[in-house]
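The values are calculated or read from the model by the stated rules, or taken from the named source; none is laboratory data. Given the structure is predicted, the values throughout are model-derived calculations rather than measurements. Heads up, the Cβs are rebuilt from the backbone with ideal geometry, glycines too, and the neighbour counts pull from every protein chain shown. Heads up: the accessible areas ignore ligands, DNA and RNA and are worked out on the full protein's heavy atoms, side chains in. Shrake-Rupley method; radii C 1.70, N 1.55, O 1.52, S 1.80 Å.
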Amino acid sequence: MAKRPGAPRAQDKLIFLLSLVPYLIDRERVTVDEAARHFGLPPQQIREAVELLTVSGVPGDTRQYLAGDLFDIDWGSFEEDDEIVLTHRVALDDSPRFSAREASALIAGLQSLQRLPEFVDSDVIGGVMAKLARGASSAPGQLAVTESYSAAAVGIIRSALAAGRSVEFDYVDARGSTEARLVDPLRLESQDQDWYLYGWCHLREATRRFRLDRMTQLRESAAEVVFREADVVVPTALFEPSDSDRTVTVLVRNSVLALIDDYVVAVDRPTGAASLEAADPDVTATLRLAHHHGLKRLVAAHPGLITVLGPEDARVAVADWAAAGLAQYRTPPSD
């Protein structure tokens, strides 16, 4: 028997029905006309598909397709207001979901991502956050991610890179000194939670790495760059040693050495039966660092896995810094 002209194929019907369910779930409440415009179909075909949906489902333990095994809608809204509202979903409710805490963590990450210049006003990220909120096992907590200075700085530096111009800023180095810098930007990179600019520093007449959160008064210069990435060697290591660096001795878990390799000068591995039996033994390592500020960050990034052995002023600096941080969480005694 010939197929009637204009009648949709069975395969097309199936694809449409499989698309209709997540569409209705995402929007919670939608008019027949809105759905018709979205799928490019006549409103009557949408109504027939919704009616078919209400007799579709997955059989439960009884294998008899009882009421709880089928999709259902708000029939009052459907018949009186021409609106589609799913009131019961089948099978999809049994799929694994994010917990409220997991959804909150993901939403916070997406909010941070959305603040980067290339993702500003992204409808895609907003849609994903809405789906995460609706699809969690319970309502996720309300989060607000404040815009960091680094996010704004990334936009300024990327603009300068695209325009081929230098950037100017005041920079606080690891020793706490502030100097005005004029830099030809070469590359932007992120390491964990920090953003770094690799560039040719006109003050030092060499390539240098700058942390964006240590910059102030950052602005795009009117001067065109002298050096581009193809003209100079951009360092690959996170830490570039200099003659003014200090050495520090630490006790560190063996598995952490690979994570701090840029700073390691020498390693003294333990000997003896007890030490060799340990799956992940502690080793003594000598690190080379520009200042105690870098040591504090290193210890904080690997809590409980790095112990400062010496010199004494390094131990005191890290201990005082940790105590000051802990004091921020202590509630003062009440009267």
Worksheet, complete the sentence: The residue that is surrounded by the fewest Cβ atoms within 10 Å (Cβ to Cβ), considering only those in the range 165-178 that are over 12 Å from Leu218 (Cβ atoms) and touching a strand residue (DSSP E or B) at 6+ places or on another chain (Cβ under 6 Å), is Thr178
Item to complete: Restrict the check to the range 315-325 and report whether at least one residue is under 20 Å from Ser255 (Cα atoms) and touching a residue at least 24 places away in the same chain (Cβ under 8 Å).
Response: no
Item to complete: Give the residues of the range 300-327 that are crowded, with 18+ Cβ neighbours inside 10 Å and part of a strand (DSSP E or B), sorted by residue number.
Response: Ile306, Val308
Worksheet item: Of the residues in the range 23-48, how many are at pLDDT below 80 and touching a Leu at 6+ places or on another chain (Cβ under 9 Å)?
Response: 2
Worksheet item: So which residues in the range 145-200 are modelled with pLDDT under 70 and not in a helix (DSSP H, G or I), if there are any at all?
Response: Val145, Thr146, Glu147, Ser148, Ala174, Arg175, Gly176, Gln191, Asp192, Gln193
Item to complete: Working only within the range 204-215, note down all residues that are closer than 21 Å to Ala163 by Cα and open to solvent by 60 Å² or more (accessible area, probe 1.4 Å).
Response: Arg208, Arg209
Worksheet item: Do we find that Arg297 is assigned to a strand (DSSP E or B), modelled with pLDDT of 75 or more and open to solvent by 60 Å² or more (accessible area, probe 1.4 Å) in this structure?
Response: no
Discussion item. I'm told Ser334 meets every condition in (1) open to solvent by 50 Å² or more (accessible area, probe 1.4 Å); (2) under 29 Å from the mean Cα position of the chain (by Cα); (3) modelled with pLDDT under 85 except one. Can you identify the failing condition by its number?
Written reply: (2)
